Amino acid sequence: MQSYQEEYIANLRDIAALAARKKPGGSSFEAYQEKLKDNRRLIEQKVERNMELLKVHLFPLLDHLLEADGKEVYGLQEFAGKLFQVGEELDTGLFCQIHQALLNAARLKKDQKGMIRELYWLGLGRHNRCSKLLGLDMSVVENYMSEMRLCFTEAAAYLKYYEKIDDLETRGYMIRSRANMSLGEFSRASEKIQRVKQTLQILQDRYYQEIAPDLPWEKYIFMTHRQMADSISYNRHDVMSPEDIEVIMESVYIVYQTRVLEAAKRNDRPPVQAAFSYYSISYYCGLDTLDGLLGKMESLMDSTDVMDFSPENMYGLISLPAFYCQYLRQYPEKIEGREKYIESLYQRILDYVEVFPDAPENEQLFLYLRQLSNHFLETENSISYGGFLLKLLSRFAPDIYMQSYMVARAATALCRIIMEEEPDFFDDIDFIRELKNPEEKKQTVLHYAMKCGLLHDTGKINFINLYFQSGRQWFEEEYEMTCLHTVVGNRCLAQRASTRACASIALGHHSWYDGSHGYPDSYKRLKCPYRQMVDVVGLVDWLENVTEAQCLYTGVKMSFDEAVLKAIDLEGKRFSPLLTARLRDDRIVKELREAFKQGRREACRQLYEYE
């Protein structure tokens, strides 16, 4: 690799380390605060340096790839391989940019082997992007899934030239691309199952094996059986056909038996994931009851070790509880008697992630946590859903937690001023309008504002690497993806009673007052009874973003006074005139400024004491 590439990667690792939650290490709270500020300044310097490296060295090369020599192209491939690899996700966005440019160059050169190779790697990068969209409706993620599958489908289409392409590596890319056409979400489980079935037929075809006997066919076939085993639908509304179950059952049995034999050689128990697939398909075949399946899942979860950080144990401790909660949410009559067990699961998980080494760099850990946050089941005495999400943010993205706390404090301060002037301001909200006691009403509004501020950005958990580890300004497609944090937040908060009233705030806080801009399109202000609180959080969140949070990723930064003047300039367009009118009052502006500072101090204090 070239020196600028090595420097860029070193900066990425430094940024991730600087952004991680810090232990006080015996320092005073004041010293801890200063350390966080120093780290922020260092991050800004390294992001600025990375942008300089890209603009001076990489982007010009990508623009003139047809003129690049073989050494430069190989160097790019090596650089991309360091940005995204198994077990380490440093910069998948740049990985995709590089492979897209290499693909474009291969097309222009009519380099068939190069096209196949780059389609495969670009598909893997896009698959990683799709993994962040867990839990969203198919209508939202379909385009992302299609873009990913088109890469693999095009590469796999060259199988018709399989015999003519006399290159083992390229044949391997074609075969693996055919298998990867089954990755991601589908509208129905049957679609995925049929694709995997067709892939197995190709892999087991002697024609392909005899032409390239040196390819690891047994590994390919086993991995595809694993993919089939993972195709089990746990959604009661996506019922698998008897034919689907029959096909899956064969693969599950093969995977399970292989894992059992491997475990026996190690004098170990069968892996949790293989065992769960075996137990669940037995349930779907009618060989076990739901109670029986849940009992077996409990035994598997109980067998995990909170000090074992292997992928298999991680699956059993975090991912398996997600499926367990999914079953219970679909069959709520099975919850009774299991409440205390669910509560203990959550505590074990939080204890586990707290001591997990190098957690921010572990994408598999985040995938399992996304699964759990998507299927989280609240019980009477369990940690609340909002509390669980905030624990994750404070652990893995302390900057986002701090920003949310600042927004919460500023929203509360603005609502206090509003309630003193207009006690009926939030009366479109049923539970507020029903309150007759003025003081009780005011305190309820303030509590609600604080809660909405804290939870409005919890959808960012799905895209935590873009906020937490980003070592440069976002590419356009990354910005578009981060916009989905509003949809993720709304969906997750709306499904739990304790957070339902905050869902609209998560959805609409980036929407414009007049509806002309912003996102998402699904937020309709005039139809939303919570719109006044959406307006409040939207305003203070914007003030925080343009002065603090987003400048690293967008390159746009204002002083607080500049932001206030800009907000007033956007009166009636971006922001409610009922709110911006108050920004003309210097006293109110001063209170908001102090509220942001207070929020930062309190969040710092919580992070400090948490350690």
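Pairs please, first residue from the stretch 330-348 and within 15 Å of Glu380 (Cα to Cα), second anywhere and among the polar types (S, T, N, Q) and open to solvent by less than 60 Å² (accessible area, probe 1.4 Å), Cβ atoms under 8 Å, 6+ apart in sequence or on different chains.
The qualifying pairs are Ile335/Thr379; Glu339/Thr379; Glu339/Ser382; Ile342/Thr379; Ile342/Ser382; Glu343/Thr379; Glu343/Ser382; Tyr346/Ser382.
Here's the yes/no breakdown for (1) within 27 Å of the chain's Cα centre (by Cα); (2) under 18 Å from Pro271 (Cβ atoms); (3) of a type in the set (Lys, Arg):
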{"residue": "Leu290", "(1), (2), (3)": "no, no, no"}
{"residue": "Gly295", "(1), (2), (3)": "no, no, no"}
{"residue": "Ser299", "(1), (2), (3)": "no, yes, no"}
{"residue": "Asp305", "(1), (2), (3)": "yes, yes, no"}
{"residue": "Asp308", "(1), (2), (3)": "yes, yes, no"}
{"residue": "Glu312", "(1), (2), (3)": "yes, yes, no"}
{"residue": "Gln326", "(1), (2), (3)": "yes, no, no"}
{"residue": "Arg329", "(1), (2), (3)": "yes, no, yes"}
{"residue": "Ile335", "(1), (2), (3)": "no, no, no"}
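Evaluate the stretch 371-389: report whether one residue or more is over 19 Å from Ser576 (Cβ atoms), assigned to a loop (DSSP other than H, G, I, E, B), without any contact (Cβ under 8 Å) to a residue 24 or more places away in the chain and not basic (Lys, Arg).
No, the stretch 371-389 has no match at all.
For the stretch 515-531, does any single residue satisfy the condition of being in contact (Cβ under 8 Å) with a residue 40 or more places away in the chain and part of a helix (DSSP H, G or I)?
yes
Please tell me if Arg49 is surrounded by 14 or more Cβ atoms within 10 Å (Cβ to Cβ) and over 22 Å from Phe396 (Cβ atoms).
So Arg49 passes the test.
Quick check on the stretch 459-481. Is at least one of its residues surrounded by fewer than 21 Cβ atoms within 10 Å (Cβ to Cβ), of a type in the set (Ser, Thr, Tyr) and over 16 Å from the mean Cα position of the chain (by Cα)?
no
Filter the stretch 286-298 down to the residues that are surrounded by 13 or more Cβ atoms within 10 Å (Cβ to Cβ) and either in contact with an Asp or Glu (Cβ under 9 Å, 6 or more places away or on another chain) or at pLDDT below 90 (or both) and list them by number.
Hit for the stretch 286-298 is Lys296, nothing else.
Please go through the stretch 113-133 and pick out each residue that is among the basic types (Lys, Arg), open to solvent by 10 Å² or more (accessible area, probe 1.4 Å) and either in contact with a Gly (Cβ under 6 Å, 6 or more places away or on another chain) or more than 18 Å from Lys160 (Cβ to Cβ) (or both).
Arg126, Arg129
Look through Leu66, Leu90 and report the one residue that is open to solvent by less than 50 Å² (accessible area, probe 1.4 Å) and in contact (Cβ under 8 Å) with a residue 40 or more places away in the chain.
Leu90
Have a look at Ser231, Ser187, Ser182 and point out the one that is assigned to a loop (DSSP other than H, G, I, E, B), closer than 29 Å to Ser139 by Cβ and open to solvent by 30 Å² or more (accessible area, probe 1.4 Å).
Unique residue meeting the criteria: Ser187.
Which fully enclosed helices (runs of 4 or more DSSP H) of the stretch 53-132 have 2 or more residues being within 23 Å of Leu365 (Cα to Cα)?
Ranges flagged: 70-83, 92-109, 112-130.
Scanning for something over 23 Å from the mean Cα position of the chain (by Cα) and of a type in the set (Gly, Ala, Ser), does the stretch 514-531 turn up at least one residue?
yes
Return yes when Phe425 is of a type outside the set (D, E, K, R), at pLDDT below 95 and either closer than 23 Å to Arg525 by Cβ or open to solvent by less than 20 Å² (accessible area, probe 1.4 Å) (or both) and no when it is not.
In short, no.
Output the residue which, of all residues in the stretch 255-285 that are among the aromatic types (Phe, Trp, Tyr) and closer than 24 Å to Tyr220 by Cβ, is least open to solvent (accessible area, probe 1.4 Å).
Going through the qualifying residues, I end up with Phe276.
May I ask you to list pairs of residues, at least six apart or on different chains, whose Cβ atoms are under 6 Å apart, with the first in the stretch 239-252 being small (Gly, Ala, Ser) and the second being open to solvent by less than 20 Å² (accessible area, probe 1.4 Å)?
Ser251/His225; Ser251/Met228; Ser251/Ala229
The values are calculated or read from the model by the stated rules, or taken from the named source; none is laboratory data. All figures in this text were calculated on a predicted structure; none of them were measured in a lab. Neighbour counts are summed over all protein chains in view; Cβ atoms, including those assigned to glycine, are modelled from backbone coordinates with ideal geometry. Note: areas computed on protein heavy atoms with side chains; ligands, DNA, RNA excluded. Shrake-Rupley method; radii C 1.70, N 1.55, O 1.52, S 1.80 Å.
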